[in-house]
Amino acid sequence: MDGLKKILGIVWILIALAVAYFGITVMGIPKLASGKQEDLVFGIIILFVLVPIVSGGMAIFGYYSLIGEYSDDK
C-alpha cells in the first residue's frame, strides 16, 4: 500500500504541474491581455490567488505522499 501511495504522490505532483500550466496559459494570461476590466480582475484572481493555492496544495500533498508521511508505520 505504501508503494501505491508513493506512485500516487508522483501523480499528484504531475497534476499540480498540469493545473499550473493550464491556469497560467489558458485562464490567466489571455484574460490579462484581453483589455476588458472584468477580464482583468478575473485574470488577476486566477493568476495570483487560485493557481498558487490549488497547484501548491496539490504539489505539497503529493510531496508528503512521496516521502512517506502518510505511511502506516508512522
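Read the figures in this text as sums done on the coordinates, not as results from a lab. Keep in mind that what you see is a predicted model, and the values were worked out from it rather than measured. Cβ placement follows ideal geometry from the backbone for every residue including glycine, while neighbour counts extend to all protein chains displayed.
Rounding to the nearest 20 debye, state how big the charge dipole of the chain is about its Cα centre with +1 on each Lys and Arg Cβ and -1 on each Asp and Glu Cβ. Before the final figure, lay out each step's value.
Values: 5 positive and 6 negative charges, 37 e Å.
Dipole of the chain, to the nearest 20 debye: 180 debye.
Quick one: order Phe48, Phe61 by neighbouring beta-carbon count within 10 Å, fewest to most. Please list the in-between numbers first.
Details: Phe48 11, Phe61 18.
Neighbour counts put them in this order, fewest first: Phe48, Phe61.
Once every DSSP H run of n ≥ 4 in the chain is given -39500 (n - 2.57) and the sum is divided by its residues, what mean residue ellipticity at 222 nm do you get, rounded to the nearest 500 deg cm²/dmol?
Details: 4 runs with 52 residues, N = 74.
That comes out to -22500 deg cm²/dmol.
Under the definition of Cα pairs under 8 Å and six or more residues apart, what whole-number percent is the relative contact order of segment 2-67? All intermediate terms of the calculation are to be shown ahead of the outcome.
Numbers: 68 pairs, mean separation 35.6, N = 66.
Averaging sequence separation for qualifying contacts and normalising by length gives 54 percent for segment 2-67.
What shape does segment 2-67 have by the C-alpha gyration tensor, where a ≥ b ≥ c are the square roots of the eigenvalues, rounded means a/c under 1.5, and otherwise prolate means a/b greater than b/c and oblate the rest? Walk me through the numbers before you get to the answer.
Working: a/c = 6.17, a/b = 3.27, b/c = 1.89.
Taking the square roots of the gyration eigenvalues as a ≥ b ≥ c, segment 2-67 is prolate.
Considering only Val51, Ile29, Ala18, whose Cα is most displaced toward the positive end of the charge dipole of the chain, charges sitting on Cβ of Lys, Arg (+1) and Asp, Glu (-1)?
Checking the options against the dipole of the chain, the answer is Ile29.
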